[in-house]
1. Can you tell me which residues in segment 78-108 are within 14 Å of Leu37 (Cβ to Cβ), touching a Lys or Arg at 6+ places or on another chain (Cβ under 9 Å) and either touching a residue at least 24 places away in the same chain (Cβ under 8 Å) or small (Gly, Ala, Ser) (or both)?
2. Is it the case, given these coordinates, that Gln92 is within 18 Å of Ile119 (Cα to Cα), touching an Asp or Glu at 6+ places or on another chain (Cβ under 9 Å) and either at pLDDT 95 or above or surrounded by 12 or more Cβ atoms within 10 Å (Cβ to Cβ) (or both)?
3. List every residue pair whose Cβ atoms sit under 8 Å apart, with the two residues 6 or more apart in sequence or on different chains, where the first one lies in segment 1-20 and is under 26 Å from Leu112 (Cβ atoms) and the second, anywhere, is among the β-branched types (Val, Ile, Thr) and surrounded by 10 or more Cβ atoms within 10 Å (Cβ to Cβ).
4. Out of the residues in segment 109-119 that are more than 13 Å from Ile85 (Cβ to Cβ) and in contact (Cβ under 8 Å) with a residue 60 or more places away in the chain, which is surrounded by the most Cβ atoms within 10 Å (Cβ to Cβ)?
5. Quick one: how many residues across segment 1-37 are assigned to a helix (DSSP H, G or I), under 23 Å from Ser98 (Cα atoms) and not aliphatic (A, V, I, L, M)?
6. Does Asp64 satisfy the criteria of being part of a helix (DSSP H, G or I), more than 15 Å from the chain's Cα centre (by Cα) and at pLDDT 65 or above?
7. Six or more apart or on different chains, Cβ atoms under 9 Å: show the pairs whose first residue is in segment 25-44 and on the phi < 0 side of the Ramachandran plot and among the acidic types (Asp, Glu) and whose second is modelled with pLDDT of 85 or more and surrounded by fewer than 17 Cβ atoms within 10 Å (Cβ to Cβ).
Amino acid sequence: MNVKAFLGMVGTGTLAVVLIATNPGQDRYNAFAAETLQNEVRSAFCQAKELDSWLGELGKALGDICTTAVEQGRLISEDDLAEFIEDNTQRQNFGLFSLYTTRIPAVRVKSLGILNRFIPIQQTVG
């Protein structure tokens, strides 16, 4: 066996070990998806700029209250949100990476979990 082939096998083996060790689990995905969903709720329902232009100072105050409620978990707790996500998510574990499919009303999101990160790869509405 020549040196290049040996180094190639060692490099491939090392990469496989790193990918396996950094394949994020369901709990990490639940936390990631809960945070992402909270950000979506905040931007969709707590649009302070639009409320401000429509209702003036009252709109700004309502937007601030909404944002605070979302951030502090008053509308839905982070634990409840993570549980909801887990109940509506299917994980396909391929060892080196995982594919997560979350189905919530009218939306399906697919995310790739690799190297301790999540990459949304597809979102289907309807």
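1. The initial filter retains those residues of segment 78-108 that are within 14 Å of Leu37 (Cβ to Cβ), namely 78-89, 100, 102-108.
Still in the list and also touching a Lys or Arg at 6+ places or on another chain (Cβ under 9 Å): 88-89, 100, 102.
Once the filter is applied, which keeps residues that are within 14 Å of Leu37 (Cβ to Cβ), touching a Lys or Arg at 6+ places or on another chain (Cβ under 9 Å) and either touching a residue at least 24 places away in the same chain (Cβ under 8 Å) or small (Gly, Ala, Ser) (or both), segment 78-108 yields Thr89, Tyr100, Thr102.
2. no
3. Close Cβ pairs satisfying both conditions: Leu19/Ile114.
4. Start the filter on segment 109-119 by keeping residues that are more than 13 Å from Ile85 (Cβ to Cβ), which leaves 110, 112-117, 119.
Cutting the leftovers down to in contact (Cβ under 8 Å) with a residue 60 or more places away in the chain gives us 113-117.
Values: Gly113: 24, Ile114: 17, Leu115: 15, Asn116: 10, Arg117: 12.
Once the filter is applied, the top-ranked residue is Gly113.
5. Quick first cut of segment 1-37, residues assigned to a helix (DSSP H, G or I) only: 3-21, 26-37.
Within this subset, residues satisfying the condition of being under 23 Å from Ser98 (Cα atoms) are 11-21, 26-37.
From what's left, not aliphatic (A, V, I, L, M): 11-14, 26-30, 32, 35-36.
Total satisfying the criteria: 12.
6. Working: part of a helix (DSSP H, G or I): yes; more than 15 Å from the chain's Cα centre (by Cα): yes; at pLDDT 65 or above: yes.
So Asp64 passes the test.
7. Close Cβ pairs (under 9 Å, with a partner that is modelled with pLDDT of 85 or more and surrounded by fewer than 17 Cβ atoms within 10 Å (Cβ to Cβ)) amount to Asp27/Glu86.
The values are calculated or read from the model by the stated rules, or taken from the named source; none is laboratory data. Values in this document were obtained by computation on a predicted structure and should not be read as measured data. Neighbour counts are summed over all protein chains in view; Cβ atoms, including those assigned to glycine, are modelled from backbone coordinates with ideal geometry.
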